[in-house]
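No lab work stands behind these numbers, since they all come straight from the coordinates. All values reported here derive from a predicted model rather than from experimental measurement. Glycine gets a Cβ as well: all are built from the backbone with ideal geometry, and neighbour counts include every protein chain shown.
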């Protein structure tokens, strides 16, 4: 038996002699074990018939007896609280892991988008000016999100949501995506997120139109 994690047993108080301060516990196997009031870990006297949890030890004469006797209901309550705390902690860790994975995914997506722009510029599918425009707008949009979050925390003047969406639609949506993820700003509001995705679609549609635009000969 490990001293660090001693085995616990269940049983019922079948006999209690309050005037002498001791009684007997009947185990689930039908054994009867002596226990003393000093081994009852509750701020009251034991009750006949109540369920208890205990450890098996030996008295001064080497006879088996019940020790560290606790109310079963109390132990079950404490175990339920402990299990609830463990579940909450595991859930929090899982949510954090999902969040960090999402951070990396969105960062790689933003980097990938800029890499695609560079490739398109190298192939002369778009002007280099367009690449510069997206990079500058992405940085500006990120810092506008950061400014708005700071304003929200300090109860200062906020940046209108329409301004943030306009920046995204103009080409700063990758910076907005990174800001929403890493700053945890505007990432939970469903209506804002829907409008944000609309700005992404609008901007990509404009980019595709620009790529396929052929000026008419004069």
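Quick rundown of the values:
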item	result
Inter-probe distance in nm under a simple model that places probes 7 Å from Cα toward Cβ, at residue 82 and residue 200	4.5
Cβ-derived FRET efficiency at R0 35 Å, residue 124 paired with residue 182, nearest 0.05	0.55
Shape call, region 100-141: gyration tensor on alpha carbons, a/c limit 1.5	oblate
Degrees, to the nearest 10: 72-122 long Cα axis against longest axis of the chain	20
Computed E for residue 114/residue 157 - FRET, C-beta separation, R0 41 angstrom, nearest 0.05	0.85
For Rg/Rh (Cα atoms, Kirkwood Rh), calculated from these coordinates, the label among (1) 1.07; (2) 1.45; (3) 0.96	(2)
Rounded tilt (10° steps) of 190-212 against the dominant C-alpha axis of the chain	30
Sites residue 55 and residue 26, calculated FRET efficiency, Cβ-Cβ separation with R0 22 Å, nearest 0.05	0.85
Expected-Rg normalisation [2.2 N^0.38 Å, Cα atoms] applied to region 9-77	0.99
Point-to-point label distance, residue 8-residue 212, nm (Cα→Cβ direction, 7 Å offset)	6.9
The chain - mean residue ellipticity at 222 nm from DSSP helices (-39,500 (n - 2.57) per run, n ≥ 4, rounded to 500)	-19000 deg cm²/dmol
Extension gain from residue 37 to residue 19, taking 0.36 nm per residue of separation minus the Cα-Cα distance	5.4 nm
Principal-axis tilt of helix 173-182 within the chain, Cα atoms, nearest 10 degrees	20
